[in-house]
Amino acid sequence: MTEDNVLVSVTVSRDKDEIHYKLDCASNLSNEELEYYLEEIVKGICTWKPGICKEHTKKLKGTIKKQTKKK
């Protein structure tokens, strides 16, 4: 994977006693797309660690399907 095809990147780091996070996304990504991708990432994390989430999904790893337009 190259930087040219990265849609969303989340980085969490520690600096002394502080935790920092950074969210990078492609400039052509709409707010709706970003929200959708982040929701899908959280669903995957909830599958991997179900104890931290109330809702569960069926797969830990997979492909995020294209977002459908809301009517």
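So the values come out like this:
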quantity: Fewest-first sequence of Ile52, Ile41 by Cβ atoms within 10 Å of each Cβ; calculated: Ile52, Ile41
quantity: Taking Thr11, Thr47 and counting other C-beta atoms within 10 Å, the order from fewest to most; calculated: Thr11, Thr47
quantity: Surface/4 estimate of mean projected area, convex hull on alpha-carbon atoms of region 3-52, nm²; calculated: 4.8
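Every number in this text was worked out from the coordinates using simple rules, so none of it is lab data. Given the structure is predicted, the values throughout are model-derived calculations rather than measurements. Here the Cβ is made from the backbone with ideal geometry for all residues, glycine too, and neighbour counts use every protein chain on show.
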